[in-house]
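Following: one structure in structure tokens, then a few remarks.
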Amino acid sequence: MAVRRAATAHTRATTPGKKTTPRQASPQHSPSTDLDRVVHDRTRLAILSALAVNDALSFNELKALTDTTDGNLSVHSRKLEDAGYLHCDKSFAGRVPRTEFTLTAAGRRALEKYLDHMEALIRATRRVK
């Protein structure tokens, strides 16, 4: 029972219909430090990076390059596809199913924006010293 109370003590009650205000910028949090959470995940970043340097990759090629399981690759590629960052083409080669992934223009832009953001954070951190 104590565990349940502790877990619910941190939840925020909201009134139906009440508008929430966006988080205000502070020294600890500012919009300039927000990262694209879809891209920021290690596995999804690896998928996007692999596709950025290859025109297309099969499911097995991408699985080998990213060192993931079938299930992890499936879940993470679906998130990227839902975000519009990659395209998944499913077909058959004879009776063998073939899944091929390609990076979309939006995916390339998201990856470039993410990398630019990380480079800016690294530069800012090095200047602080």
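It is to be established whether one or more residues within region 89-100 are free of Cβ contacts under 8 Å to residues at least 40 places away in the same chain, among the acidic types (Asp, Glu), closer than 19 Å to Arg78 by Cα and in contact with a strand residue (DSSP E or B) (Cβ under 7 Å, 6 or more places away or on another chain).
Yes, that holds for at least one residue.
Working only within region 58-88, note down all residues that are in contact with a Ser or Thr (Cβ under 8 Å, 6 or more places away or on another chain) and not in a helix (DSSP H, G or I).
Matches in region 58-88: Ser58, Thr68, Gly84, Tyr85, Leu86, His87, Cys88.
Here are Glu61, Glu112, Glu81, Glu119: which of them is surrounded by 15 or more Cβ atoms within 10 Å (Cβ to Cβ) and either in contact with a His (Cβ under 7 Å, 6 or more places away or on another chain) or of a type in the set (Asp, Glu) (or both)?
Glu81
Of everything in region 63-92, what is aliphatic (A, V, I, L, M) and either modelled with pLDDT under 95 or out of contact with any Phe, Trp or Tyr (no Cβ under 6 Å at 6 or more places or on another chain) (or both)? Give them in sequence order.
Scanning region 63-92 gives Ala64, Leu65, Leu73, Val75, Leu80, Ala83.
Those residues that are exposed (fewer than 13 other Cβ atoms within 10 Å of the Cβ), part of a loop (DSSP other than H, G, I, E, B) and either more than 15 Å from the chain's Cα centre (by Cα) or of a type in the set (S, T, N, Q) (or both), I need them from region 31-57; list them, please.
Val53, Asp55
Among the numbered criteria (1) at pLDDT below 95; (2) under 30 Å from Thr125 (Cβ atoms); (3) of a type in the set (Val, Ile, Thr), which one does Thr43 miss?
(1)
In region 100-116, which residues are of a type in the set (A, V, I, L, M) and in a strand (DSSP E or B)?
Leu103
Can you tell me which residue in region 84-109 is surrounded by the fewest Cβ atoms within 10 Å (Cβ to Cβ), limited to those that are within 20 Å of the chain's Cα centre (by Cα) and of a type in the set (Phe, Trp, Tyr)?
Phe101
The values are calculated or read from the model by the stated rules, or taken from the named source; none is laboratory data. This one's a predicted model, so the numbers in the text were calculated from it and none came from an experiment. In this analysis, Cβ positions are derived from the backbone assuming ideal geometry, glycine residues included, and neighbour counts consider all displayed protein chains.
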